[in-house]
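Novice: Here it is: the structure, laid out below.
The values are calculated or read from the model by the stated rules, or taken from the named source; none is laboratory data. Everything numeric here is computed off the predicted structure, so don't read it as measured data. Cβ placement follows ideal geometry from the backbone for every residue including glycine, while neighbour counts extend to all protein chains displayed.
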Amino acid sequence: MHGGHRERMREKFLKHGPQILKDHELLELVLYYAIPRRNTNDTAHLLMERFGSLKNVLKADLRELQEVPGVGPSAAVLLKLLCAVGDRADIPSPPKTPVRSGEQVGEFFVHLLDGERREVLYLMCLDGKGKVLSCQTAAEGGVNVTAVSVRQVVDLALRSGASAVVLAHNHPSGVALPSRADQFMTKQVADALRPLGIRLLDHIVVADGDYVSMADSGMDLS
């Protein structure tokens, strides 16, 4: 009986796409691949009742997922993997052409940090011609604070073989204006990179779909 139901659900998805399925039906379909021999419809309903929405199910903690009857380690990992793949797919790719302006970098980081609820510091590493070598997380914090390790920033820049770098971070509950702490940290990073022949080109501060470039604002980064 379950086999016939599963096949009908798969055909429904393949023929009409995900928009025709309810949220719990999408969960039911996903769970087929971790729970091969049990009815996953009840489990999907329990997940929706526990967490309230499909998004909350995917964002839930691994331990909390396994507290729901019918969700074992394999199903919990599958749901977390699905969330991670979706998050990664939403991350924009760094500019493929050489970086020529603060506006180009600012718009990229506005997109990258959109919806981020924690404060995150990114380091974009460039070669001598402005080509992006890497863009990595240098530090993560809570809602209002990022514990910045200058040594971590320097290490990432050196490992990328950077000639120049751009810092960027977000203010999840504020405005896109550099604080005194932001300016002090920026100076520390610039001072640490300078003896290594690496230039700090800019520090972008993002908040509420907007950004401020410290370089364009007149801050001396040299």
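Novice: Select from the range 165-183 the residues that are assigned to a helix (DSSP H, G or I) and closer than 22 Å to GLN136 by Cβ and list them in ascending order. Talk me through it step by step, then tell me what you get.
Specialist: The initial filter retains those residues of the range 165-183 that are assigned to a helix (DSSP H, G or I), namely 180-183.
Scanning the range 165-183 gives ALA181, ASP182.
So that you can scan it fast, the table gives a plain yes or no per residue for (1) part of a helix (DSSP H, G or I); (2) within 28 Å of GLU116 (Cβ to Cβ); (3) modelled with pLDDT of 90 or more; (4) not aromatic (Phe, Trp, Tyr):
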| site | (1), (2), (3), (4) |
| --- | --- |
| GLY3 | yes, no, no, yes |
| GLU25 | yes, no, yes, yes |
| LEU29 | yes, no, yes, yes |
| ASP42 | yes, no, yes, yes |
| GLU49 | yes, no, yes, yes |
| LEU65 | yes, yes, yes, yes |
| GLY70 | no, no, yes, yes |
| CYS83 | yes, yes, no, yes |
| PRO94 | no, yes, no, yes |
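Novice: Are any residues in the range 20-34 out of contact with any Leu (no Cβ under 9 Å at 6 or more places or on another chain) and closer than 15 Å to VAL71 by Cβ, and if so, which ones?
Specialist: TYR32, the sole residue that qualifies.
Novice: Which number in (1) modelled with pLDDT of 90 or more; (2) part of a loop (DSSP other than H, G, I, E, B) marks the one condition that ARG37 misses?
Specialist: Checking ARG37 against (1) modelled with pLDDT of 90 or more; (2) part of a loop (DSSP other than H, G, I, E, B), the one that fails is (1).
Novice: Would you check if SER217 is of a type in the set (S, T, N, Q), modelled with pLDDT under 90, under 26 Å from GLY115 (Cβ atoms) and assigned to a loop (DSSP other than H, G, I, E, B)?
Specialist: Yes: the conditions hold for SER217.
Novice: Turning to a different aspect of this structure: Being β-branched (Val, Ile, Thr) and under 16 Å from ALA84 (Cβ atoms) is the filter here, so list the residues in the range 16-69 that pass it.
Specialist: Looking only at the range 16-69, we keep the residues that are β-branched (Val, Ile, Thr), and these are 20, 30, 35, 40, 43, 57, 68.
Selection gives VAL30, VAL57.
Novice: Pairs needed: first member in the range 35-59, charged (D, E, K, R); second member anywhere, modelled with pLDDT of 90 or more; C-beta distance under 6 Å; at least 6 residues apart or different chains.
Specialist: ARG50/VAL68
Novice: Looking at LEU167, LEU221, which is the one that is in contact with an Asp or Glu (Cβ under 9 Å, 6 or more places away or on another chain) and outside the structural domain of VAL110 (by TED's automatic domain parsing)?
Specialist: Values: LEU167 fails: outside the structural domain of VAL110 (by TED's automatic domain parsing).
Of the residues listed, the single one that is in contact with an Asp or Glu (Cβ under 9 Å, 6 or more places away or on another chain) and outside the structural domain of VAL110 (by TED's automatic domain parsing) is LEU221.
Novice: Right, here's the next one. If I ask for residues that are outside any helix (DSSP H, G or I) and hydrophobic (A, V, I, L, M, F, W, C), which ones from the range 97-134 would you list?
Specialist: First, pick out the residues of the range 97-134 that are outside any helix (DSSP H, G or I): 97-101, 113-134.
VAL99, LEU113, VAL120, LEU121, LEU123, MET124, CYS125, LEU126, VAL132, LEU133, listed by residue number.
Novice: Looking only at the range 14-31, count how many residues are surrounded by fewer than 15 Cβ atoms within 10 Å (Cβ to Cβ) and at negative phi. Lay out the reasoning, then the answer.
Specialist: Of the residues in the range 14-31, the ones surrounded by fewer than 15 Cβ atoms within 10 Å (Cβ to Cβ) are 14-20, 22.
When the remaining residues are screened for being at negative phi, the result is 14-16, 18-20, 22.
Matching residues across the range 14-31 total 7.
Novice: What residue, of LEU193, LEU177, LEU200, is surrounded by fewer than 18 Cβ atoms within 10 Å (Cβ to Cβ), touching a residue at least 12 places away in the same chain (Cβ under 8 Å) and assigned by TED's automatic domain parsing to the domain that holds LEU113?
Specialist: Criteria check complete, one pass: LEU177.
Novice: Cβ-Cβ below 9 Å, separation at least six or inter-chain, first residue in the range 1-30 and within 19 Å of GLY52 (Cα to Cα), second of a type in the set (Phe, Trp, Tyr) and surrounded by 10 or more Cβ atoms within 10 Å (Cβ to Cβ): which pairs?
Specialist: LEU21/PHE13; GLU25/PHE13; LEU26/PHE13; LEU29/PHE13
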